[in-house]
Amino acid sequence: MSAFRTRTNTVFDSWSLPWLTGSVSCLRVWIESSPDSRAMKARVSQEPYGPFLSLDDCRRLINDKDTSTARRFQPLIEANILTDRSVFDLVIDNSDLIEAPTIKSARHGISTFHRQLVASVSKRLPGGTLHAAQRQNVTLPSLDSAPN
């Protein structure tokens, strides 16, 4: 929490922090992703070396992790982290941006989502745009050379 209170122009990736920040001025963003799209992303994250879990195994692993995390955080944040989006300024869904559990599909989804996220966040910032220093381009290896 001390880093959150003292740093500016910083992105914090945290499940619980949005509920713990109170009235601190910041932009709280939730990136929604369906169980199926998360399973495909988890499967792709195993490339190229494995172990290679099935999509069903990936779904079960994600569900178990989510359930465990929700149980641990509920007493701390007094909310259901899996369903409560009331503290967020922006909820953006990237579920439809991965069509198959392949590196090529994941890279395409990342590139597409990056543009959507930057545009959505920019609209909610003072001045309506991300400064060049805050905006990062996602550079991925050529999709032509990516394995399926």
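Points worth noting:
- Considered as a group, the residues in segment 96-112 that are buried (at least 18 other Cβ atoms within 10 Å of the Cβ) and not in a helix (DSSP H, G or I) include one that is farthest from the chain's Cα centre (by Cα), and that residue is Pro101.
- Members of segment 57-80 found to be surrounded by 13 or more Cβ atoms within 10 Å (Cβ to Cβ), among the small types (Gly, Ala, Ser) and part of a helix (DSSP H, G or I), listed by number: Ala70
- Per-region count, segment 5-53, residues of a type in the set (Ser, Thr, Tyr), more than 18 Å from Arg85 (Cα to Cα), in a loop (DSSP other than H, G, I, E, B) and modelled with pLDDT of 80 or more: 2
- Among (1) farther than 13 Å from Ile31 by Cα; (2) modelled with pLDDT of 90 or more; (3) surrounded by 12 or more Cβ atoms within 10 Å (Cβ to Cβ), the one test that Leu117 misses: (1)
The values are calculated or read from the model by the stated rules, or taken from the named source; none is laboratory data. Note that the structure is predicted; figures quoted are calculated from it, not measured. Positions of Cβ are backbone-derived with ideal geometry, glycine not excepted, and every protein chain shown enters the neighbour counts.
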